[in-house]
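Asks: Please find one structure pasted underneath; my questions will follow.
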Amino acid sequence: MSSKKPFKSNVFAAGAVVWRKSTDTPDDVELALVHRRKYDDWSFPKGKLDPGETELVAAIREVGEETGMTIRTGRHLGSVSYPVPGHRLRKRVEYWNGEAISGEFVPNSEVDELRWVPVGDVADQLSYPMDRMILRRFEALPADTATVIVVRHAKAGSKKRYKGDDAKRPLDSKGRIQADALVAQLRAFGGSSVTSADRKRCVQTVQPFADAEGLEIRTDSRLSEEGFAEDPVGTRTLVRKIAAGGGVPVISSQGGVIPDLLSWWADADGIELPPARNRKASMWVLSLSGGRLCAADHIDSPLPVKRTV
């Protein structure tokens, strides 16, 4: 047995399984496969993170650069990790489900051909086993799911140190940075409406996104910790109603609400939540099919990870 320790990933990339409804049979799905002339391979679009990017933002940018497509991301499909041939490097690639909503492919310096392939034929055309693993994760659930995003408010200083009505406690300087960073994250999923607890810090967390998208923020006391403690059934009913309202709703709430609310929802619909620290400015991306929760992904922070190589 070798005594060498395995390399940790030190090259980071992101991409998407890009899909559209079949032009021949709308109930079927086609996936975009790209051919890279440098490697003469067929794979899903992906690429390395730029400095200061999150994986999610990089995935959307790379898909745009390689395919010309604008995508709306959905559930996270996990990651693959593999050694880079000829280098003492290991690459990790994060993937998302991404629906193509606009755009047109034009051959470019990286990709010279794009094929739309029926999902049942994709595995035979992929060049790498790790891409087939991502394909299996994609196929495990319906491609076309509804998305609901639940955000915990960003940093707002210390409750003990704040003098005045706690409902009016604003974001601090770090919280404002987090709120600005959330714009790109929420836009990636196509957020189309915003509902917030009636707490200033909750509203301020989603205000930059609402302003950027021209959306009105509706407030509701049932999304606050006090409202949830007083009437948890009322909060659950509200969130279910928001989820059933169509589009991609964004809900801003508090740390004393979100874990219990999500645990109840997951138990009710029979899924298991991934581990999550539920930090401030973190978000849950919930995928629903037929009105039921079928997947839940957690994004710990809207800020890029500081990496040491």
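Asks: In this structure, does Asp131 turn out to be of a type in the set (D, E, K, R), touching a strand residue (DSSP E or B) at 6+ places or on another chain (Cβ under 9 Å), assigned by TED's automatic domain parsing to the domain that holds Ala58 and loosely packed, with under 14 Cβ neighbours inside 10 Å?
Replies: In short, no.
Asks: Please go through segment 63-75 and pick out each residue that is under 22 Å from Asp297 (Cα atoms) and either loosely packed, with under 14 Cβ neighbours inside 10 Å or free of Cβ contacts under 8 Å to residues at least 60 places away in the same chain (or both). Before the answer, list the steps.
Replies: As a first pass, look at segment 63-75 and keep what is under 22 Å from Asp297 (Cα atoms): 63, 70-75.
Val63, Thr70, Ile71, listed by residue number.
Asks: Restricting to segment 89-115, name every residue that is among the hydroxyl-bearing types (Ser, Thr, Tyr) and either at pLDDT below 95 or surrounded by 17 or more Cβ atoms within 10 Å (Cβ to Cβ) (or both).
Replies: Selection gives Tyr95, Ser109.
Asks: Given the criterion exposed (fewer than 13 other Cβ atoms within 10 Å of the Cβ) and of a type in the set (Phe, Trp, Tyr), identify the matching residue among Tyr39, Tyr82.
Replies: Result of the check over Tyr39, Tyr82: Tyr39.
Asks: Also: For Ile60, only one of the following conditions fails: (1) closer than 28 Å to Ala296 by Cα; (2) in contact (Cβ under 8 Å) with a residue 40 or more places away in the chain; (3) part of a strand (DSSP E or B). What is its number?
Replies: Status for Ile60: all satisfied but (3).
Asks: Which one of these does Trp265 not meet: (1) under 17 Å from the mean Cα position of the chain (by Cα); (2) buried (at least 17 other Cβ atoms within 10 Å of the Cβ); (3) under 20 Å from Gly74 (Cβ atoms)?
Replies: Answer for Trp265: the failing condition is (1).
Asks: Let me ask something else. Does Ala143 count as assigned to a helix (DSSP H, G or I) and of a type in the set (Gly, Ala, Ser)? Steps first, answer last, please.
Replies: On the way: assigned to a helix (DSSP H, G or I): no; of a type in the set (Gly, Ala, Ser): yes.
Considered against the rule, which asks whether it is assigned to a helix (DSSP H, G or I) and of a type in the set (Gly, Ala, Ser), Ala143 comes out as no.
The values are calculated or read from the model by the stated rules, or taken from the named source; none is laboratory data. Small disclaimer: the values here were computed from a predicted structure and weren't measured. Here the Cβ is made from the backbone with ideal geometry for all residues, glycine too, and neighbour counts use every protein chain on show.
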